[in-house]
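Chemist: Encoded as structure tokens, here's the structure I'll be asking about.
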Amino acid sequence: MAAERVTIEGISVPTGHFIGGEHVASEATFETRSPMDWSWKLADISRGTAATAQAAVSAAVEAFPQWSAYSVGERAACLNRLADLIEANKDAIATVECLDMAMLLESLKLRLVPRGALNFRNYADIIVAAEERVWSSKGTQNRVIRMPAGPAVIITPWNAPFMLSTWKVAPALASGNTVILKPAEWSPLSAALLSDFINEAGFPKGAFNIVQGFGHDLGSALVSDPRVKRLSFTGSPATARKIGHAAAENIVPFTAELGGKGPFMVFEDCDIEAAAKKAAGQFDDSGQVCLAGTRLLVQNSVMDAFLEKFHAHTDGHVMGDSREAGTTMTALIHPDHLARVAAFVDRARTNGDEILRGGKVHKEGGLWYEPTLIRPKSNDSEIVQHEVFGPVLTLQGFDTEEEAVALANSTMYGLSGIIYTSSAERAERVGRAVRSGVVWVNCFLIRDLSAPFGGIGESGIGREGGDYALDFHADLKTLQIFEGSVS
Ligand code: ADP
């Protein structure tokens, strides 16, 4: 049996699963290493099997009657206590995620881990404030009731693992569903820390379970268990298709938030300096961000002015240790991912796309890749049409707004879009015309947690966020009561 904990930089991290309120370990393990120094093994993590999946689902099934019967106030209290514990342990969570995924330590401490706590607080507030829709028609009173649905399986990706896990777990628990969370195998550690807070936060045993392991065995066993009533997934389109099959087999609602290839549209009437700075900012986190605007679409009349400023800002990026304050570009998560990113660029080169900057590994032996800008031979080039998930942007010019919108909508994705313009009319027109789940005008990555979030086409199906996630996690019922006298 594997050890149940490991100490990393003085922080004790659970290495097993958390099922029915207990830490349990598996026979088999897998390694997790630090992207900043691949020779540094951080931990051996329990590798769950189909039996682990069964045990976790059983615990979630057993806990469901109790957890779903908690009053809204009691549920909110548990969520708020969990948020308190995350805040109290903010530095430890940030340090562990920084080592495991190479996210920037400062951004984890200031932004991402506090957002994890906020995800729980926000849903505590949302369920307390949620009202049933009531109206009268045809002599009856109609009421829409959200019934908790049952156990929800939540499968999360390796990027921003703590924030993304909490963002999906919070509405499920708030809705009265029990949860089985499976973090990604490339960055399992920060979500594992959550398991230390669950009992203390007051959740009944089995309400919130965490299992560790790979997608093709543990993950697929979880999503195909017929006792599971909701599937919430973030990851690749290929995996979403498999989970979609399982959802179809068991007739279970599922949401899938997938990749993106967001257009970053720069119009001649915009603040070019602000646009160029934000465009260079798409290299932050080394582009391992599904919402990134990776296709720069720039009006030809301002192309030279834009490029000059863009290059100056990109020159300011620092590739280094994510624990150091000056670092802006992180190591990529895994050698296999670095190889995938490099192969994309090599194929672009072979295809005849023009590499305007970067296009190589930063330092042999490390997992950093230079910020790369590519002018594609045509809009059909693979580098334009497929998500790289690394520090690789493409550059295309346009003359008219119609051309810009056509280019923006020319991929199979539709997760995010970014528009830089000083014209309110253009912002409205283009903002409406771009087909994606979110469009930011003169800003990026600011998100109100009550807004819907999700993608179109290969970027996903379904919406979470705010009340939209409550609707997803509930079985909606119409209760219709005759208002006249019953004779
Ligand atoms: P990425 O390209 O981001 O690694 P994946 O879709 O491969 O995306 O992985 C995202 C998450 O999905 C991970 O937690 C992974 O373990 C899980 N996963 C992969 N394959 C399956 C599967 N067949 N069933 C359920 N989960 C899976």
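The values are calculated or read from the model by the stated rules, or taken from the named source; none is laboratory data. Just so it is clear, the structure is predicted and the values come from calculations on it, not from any experiment. For neighbour counting, all protein chains shown are included, and Cβ atoms are generated from backbone atoms with ideal geometry for every residue, glycine included. Accessible surface is based on the protein model in full, side chains and every heavy atom, while ligands, DNA and RNA are left aside. Shrake-Rupley method; radii C 1.70, N 1.55, O 1.52, S 1.80 Å.
Chemist: Looking only at segment 23-66, how many residues end up being open to solvent by 10 Å² or more (accessible area, probe 1.4 Å) and out of contact with any helix residue (DSSP H, G or I) (no Cβ under 9 Å at 6 or more places or on another chain)?
Modeler: Residues flagged as open to solvent by 10 Å² or more (accessible area, probe 1.4 Å) and out of contact with any helix residue (DSSP H, G or I) (no Cβ under 9 Å at 6 or more places or on another chain) within segment 23-66 amount to 18.
Chemist: Follow-up question, since we're still on this one. I'd like to know if segment 287-295 contains one or more residues that are away from the ligand (no atom under 16 Å from the Cβ) and not assigned by TED's automatic domain parsing to the domain that holds W158.
Modeler: yes
Okay, residues lined up against (1) touching a residue at least 12 places away in the same chain (Cβ under 8 Å); (2) not in a loop (DSSP other than H, G, I, E, B):
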position: L356; (1), (2): yes, yes
position: L367; (1), (2): yes, no
position: S378; (1), (2): no, no
position: L395; (1), (2): yes, yes
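Chemist: Could you say which residue among S220, S190, S224 is within 16 Å of the ligand (Cβ to nearest atom) and more than 21 Å from the chain's Cα centre (by Cα)?
Modeler: Within the list S220, S190, S224, the selection yields S224.
Results for (1) crowded, with 20+ Cβ neighbours inside 10 Å; (2) more than 16 Å from the ligand (Cβ to nearest atom), shown as yes or no for each residue.
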| site | (1), (2) |
| --- | --- |
| P371 | yes, yes |
| S378 | no, yes |
| I383 | yes, yes |
| E387 | yes, no |
| P391 | yes, yes |
| F398 | yes, yes |
| E401 | no, yes |
| A406 | no, yes |
| Y413 | yes, no |
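Chemist: Given the criterion away from the ligand (no atom under 13 Å from the Cβ), of a type in the set (A, V, I, L, M, F, W, C) and assigned to a loop (DSSP other than H, G, I, E, B), identify the matching residue among F197, F264, F203.
Modeler: Unique residue meeting the criteria: F203.
Chemist: Would it be correct to say that S422 is open to solvent by 70 Å² or more (accessible area, probe 1.4 Å), in the same structural domain as M303 (by TED's automatic domain parsing) and among the hydroxyl-bearing types (S, T, Y)?
Modeler: Spelling it out, S422 is indeed open to solvent by 70 Å² or more (accessible area, probe 1.4 Å), in the same structural domain as M303 (by TED's automatic domain parsing) and among the hydroxyl-bearing types (S, T, Y).
Chemist: How about segment 143-185: which of its residues are more than 12 Å from the ligand (Cβ to nearest atom), open to solvent by 20 Å² or more (accessible area, probe 1.4 Å) and over 11 Å from the mean Cα position of the chain (by Cα)?
Modeler: If the condition is that a residue be more than 12 Å from the ligand (Cβ to nearest atom), open to solvent by 20 Å² or more (accessible area, probe 1.4 Å) and over 11 Å from the mean Cα position of the chain (by Cα), then R143, V144, I145, R146, M147, P148 are the ones that fit.
Chemist: Could you look through segment 236-256, keep only residues that are within 22 Å of L445 (Cα to Cα) and open to solvent by less than 10 Å² (accessible area, probe 1.4 Å), and pick out the one that is nearest to the ligand (Cβ to nearest atom)?
Modeler: Among them, the one singled out is A256.
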